[in-house]
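Values quoted throughout were computed directly from the atomic coordinates according to the rules given, and no laboratory measurement underlies them. Quantities reported herein were computed from a predicted structural model and do not represent experimental measurements. FYI the Cβ positions are ideal-geometry reconstructions off the backbone, even for glycines, and counts take in every protein chain you see.
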Amino acid sequence: MTTSTSGSALHAGAPPGRPILEARELVAGYLPGVNILNSCNLEVHPGELVGIIGPNGAGKSTMLKALFGLVKVRSGTVLLDGEDITNERADTLVRRGIGYVPQNNNVFPSLTIEENLQMGLYQDPRRFIERFAAIVDIFPTLGDRRRQRAGSLSGGERQMVAMARALMMDPKVLLLDEPSAGLSPVRADEAFIRTRKINRSGVSVVIVEQNARRCLQICDRAYVLDQGANAYSGPGRKLMDDPKVIELYLGTLAADVEQAQRGVEEADKGERADKGERAGKGDDDAPGAHVG
Ligand SMILES: Nc1ncnc2c1ncn2[C@@H]1O[C@H](COP(=O)(O)OP(=O)(O)OP(=O)(O)O)[C@@H](O)[C@H]1O
Ligand SMILES: [Mg+2]
């Protein structure tokens, strides 16, 4: 339920300890005098999978860009493992352990899969063999098809290459902007499962999604952004069951929610059986919270 409006409600259900990535009261925008983010807050704790949902134009992509140095932060702070990285350049942030996958134009179509992955490691090319092996462990198809041009791949396969490229530098935190966008329902489910697989390999993940229900199903916690500000936060499944969140942001009947949930759980069964749930993850008993 959505009861609390106090400070802790900003990060409802967050585990104790220092976040690996933290945004404090970010104000950011593109045009002079126009702020898109109006004091936005976000915490990602080590090993967490954190979702950001909200209406079109809420500022979700802008939030990721602000974290990754692609839009100027006018005030507020971004901290990586407690160190101030506000307005650092994107290439510096990659070196410091942040990976970012934009929604569009995220592969080099004329290059092969292998060359795309090399681009992801241009700051440290000597590690290619080691990192490529680690990536193929997560995405075996990429190894089989390493010589294929990225331009000839399907949308879902390109998305996989884009994620893999961002993983080449072995980031601590991966920022994903709508990995399921434009994909068929089955391919979208694969993108979500892949996201969770990456998370379970030890990478903290922030995922922005239009597909709010599926996002909430896989997340440890999520933030609802609305008009550039925090509206709700909490464990994914708590938000998914919250009547206010359903009414305002999920825009559908509970029956649809359950159906969607069944779909992902079915698709996910095999993976779960293989890997096993990571111990100690998520706090399903913590309530969601409205941020007033
Ligand atoms: N490059 C830009 N220049 C100026 N305004 C921009 C730019 N990019 C985004 N905006 C504006 O910032 C606001 C937030 O956009 P943003 O892309 O962050 O929203 P979003 O929550 O990601 O939306 P969507 O769900 O549609 O992807 C919108 O009003 C948008 O028009
Ligand atoms: Mg967006």
Checklist outcome for this item: Of 99-106, 189-196, 230-237, ordering from highest average Cβ density within 10 Å down gives 230-237, 189-196, 99-106
Next on the checklist: Pairs on different chains or at least eight residues apart, Cα atoms closer than 20 Å: how many lysine pairs in the range 7-290 fit?
Outcome noted: 10
Next on the checklist: Please state the shape class of the range 7-290: rounded when a/c is under 1.5, otherwise prolate if a/b exceeds b/c and oblate if not, all from the C-alpha gyration tensor.
Outcome noted: oblate
Checklist entry - Given a cut-off of under 8 Å on Cα pairs at least six residues apart, what relative contact order in percent is computed for the range 45-168? => result 24 percent
Item to check | Farthest toward positive dipole pole in the range 7-290 [+1 Lys/Arg, -1 Asp/Glu at C-beta], among I207, L70, P19 | outcome: L70
Checklist entry - For E130 and L248, FRET efficiency with R0 = 41 Å and r from the beta-carbon atoms, rounded to 0.05? => result 0.30
